[in-house]
Amino acid sequence: MKDPLSNENLARYEVPGAPADFASRVMERIANEDVVAPRRRRWKWVAGISSVAAAAVVVVMVSQRSGDAVHDDVFKYKVERDTKHSLIRNEELVRKSDGKAEGWTANTLIAAQPAVMPGPRQVEPPAPNTEAYSRIDDNPFITTAAHPLSTFSVDVDTASYANIRRFLLQGKLPPKDAVRVEEMINYFDYDYPAPERGEPFSISTEIGPSPFNPKFQLVRIGLHTQRIDEAKVPPRNLVFLIDVSGSMNAPEKLPLLQHALGMLVERLRPQDKVSIVIYAGASGVALRPTTGDHKDAIRAAINELTPGGSTNGADGIELAYNLAEASLIRGGINRVVLCTDGDFNVGVTNEGDLTRLIERERTRGVYLTVLGFGMGNLKDATMEKLADRGNGNYAYIDSLAEARKVLVEQAGATLVTVAKDVKLQIELNPAAVAGYRLIGYENRALRDEDFNDDKKDAGDVGAGHSVTALYEIVPAGVAVPAAKVDALKYQTKPAPAANAGELMTVKIRYKSPDANQSKLLSRAVMSNERRPTQSVDFRWATAIAAFGMMLRESPYRGNISWKQIQAMADAARGTDRNGHRAEAIGLISTASTATR
Amino acid sequence: MALAIERSATELDDLTLARAQQGDTAAFRQLIEQYQHAVFALLWRFFGRRARTDIVDDVGQETFLAVYRSIGRFRADGTARLSTWILTIATRTAIKAVRRATPETLPLDEVADVVAAQDSGAPGGFAAALGRALDALAEPYRITFLLRAYHDFSYEEIAKALEVDVGTVKSRLSRARGQLQAALKEFEP
């Protein structure tokens, strides 16, 4: 051997590497021993990548603020396929380096992290997945002759869509039960006609082909409420009930919320009031009811929120409702906004007591909104239930853009409830419809007799909201798939000439926000309403329904393929003012290759 | 003769580093995962026959805690490599640990077994012999040689890490090589 110290020889002296749990143990010590890291500088934004179809180098721009000066840094960032990062959409801040990063959508690339960063106390949890979803079984086909009525409560929630997006951006398919098709459809804006004078809703219907079975048809029912001018929004009394437990210490949780609240503060008017109640190990008032002209005080309270401790939601929620009542604005919007990652340990109070409290407060005019944050610990089912009991809505906040949508854009007008306890009942005409299936709204089903029962609670609709429901219709003469009952023997064939040509009648019951008695709207849908081509909105809702059914692996999805869904969605982009549809198209593409 | 055995891994990307400097624990964890093996390789060879799983692990932990405390001071302006910076901290932590320990209490020849077990290829026993030869070097020579040969440090980087001047680094390296070559003579043809 010539050189005993050749590279090759040196390499023979092998030594062990670090044990597999080494990094975890170091991180634990950092957390437990309170190791302090002097931080170099504070960022306003931290960029990150969601998930890309292929490894790529991207360039992201990060703005940081020191005092009044804003300084931009540009980072090169290598992303592997399936890289996971929390992210916030913010188009302005993204630049793509080589244009080769296939499979991402340009508007889903940046993660934001507000300037106020909590101390580096949290250990990356080895994260057992503790997300909980209620089981959903797709609504089956029903024979019209046996069951001509279909009744359900409206749903303006959109949380499911944002939650699905979160999974897909990580390159994973969401759990089937996390997919609520109606919430996906209702996430998007549709160009429905404005309501007639004096009526809270417009009802529009459209008939087209079913993408799931060439012999079937789809009927789209769209409700739309009047928009309210921002200036005419009644004064707001918002009590934020914020979970500051240790689990909220992640960039996409408390810091994101703080950032979003900061944006909301900008929009507050002197007649608006904000209070903040925090809960964790103990609960307390972080901000007494403060009017919108004291923006600095509100901002200071928001900035001081720091996570720590375990969660006990019950004390906090009582405190929040007490504050809301103490500062109640008659004729205004009074709302408790619960912000949590769902680790909602109800502690001394059980869930039953909690829902009773929420229901009682609802009758006093204080409604509940639930905002879900973060991932891995999301108690989706509990949160949706709580919001429903409180006449409220439930939204999942996965990004700054979503936070802005919910807290800023919708915190004004859409918090004005235009109609409460809104129920839909569809009566199908057996002469024209052999069978039908309601797409989505599985956990919104009502008994037929509940429709006229004003004591039965149902969903509420705010100003400027639209609600869409799709029915898949089996025309008369076509066999109903897997119909659960035999043809009825003793029923007379109903075909009254007066109703000839009617496919169905859509009935809506609703109450004015302060009324106890419901009003009825109804409208017949004629078979000959079907046009040779369908509107962009119809095709979009259809594509999204197909997207959802595919994610759910619905038994009713027929032979539809990802490719077809993609093509349908592509052709139904419309004007897409806010880019939501483009984003969805990107998600469809991601889903087509993702695995569970 | 610089050998990039432990340098095959690329440096941590800028953004993750910047995040770690912000106190982002997930990013710091990534940093550990990126550099832990290089740190362990340096420590195992540096402690040589006195190496023991728990000692190396302790010093490894101390190293990354020190990195965590001072990561904000690392200048990510391209003039220094993060790997060099971290291995410098590992070097100093290891030297301190050796000076703290009393030699009598250290176990004997454990590493020789490890090395012998791993030394499968020809020339027979070379790795064990190299290990012994490295152990026989005085500590300043050994660490200088390890940083240069296994971790791709430049003379200047070694000088900075050990707080000596570049001339000293060069003379230590040449003496270390001379001694090692002499000790490994039997493996020459």
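Throughout, read-outs are computed from the coordinates displayed, never taken from laboratory work. Computed from a predicted model, the values in this text were never measured in an experiment. Virtual Cβ from ideal backbone geometry, glycine too; neighbours counted across all protein chains shown.
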*Which whole-Hz couplings ³J(HN,Hα) result when phi for each residue of the range A:444-456 is put into the Karplus expression 6.51 cos²θ - 1.76 cosθ + 1.60, θ = phi - 60°, listed in order with x for Gly and Pro?*
10, 4, 10, 6, 4, 6, 5, 4, 8, 8, 5, 7, 7
_To make sure I understand, if each residue's beta carbon is the centre and we count other beta carbons within 10 Å, what order do A:465, A:224, B:37 fall in, fewest to most?_
B:37, A:224, A:465
*Scan around residue A:458 for amide H atoms under 5 Å from its own, H built in the peptide plane at 1.01 Å from N, and keep only partners 5 or more places away or cross-chain.*
A:421, A:422
*Rounded to the nearest Å, what's the spacing between the alpha carbon centres of the range A:318-333 and the range A:180-246? Just the number, please.*
27
*Quick one: net charge of residue A:337's neighbours, Cβ under 14 Å, K/R +1, D/E -1?*
0
*Using θ = phi - 60° and the Karplus form 6.51 cos²θ - 1.76 cosθ + 1.60, what ³J(HN,Hα) does each residue of the range A:177-183 get, whole Hz, x for Gly and Pro?*
6, 7, 9, 10, 4, 5, 6
*Give the long-range amide H neighbours of residue A:341: residues separated by 5 or more places, or on another chain, with amide H under 5 Å away, using H modelled in the peptide plane at 1.01 Å from N.*
A:373
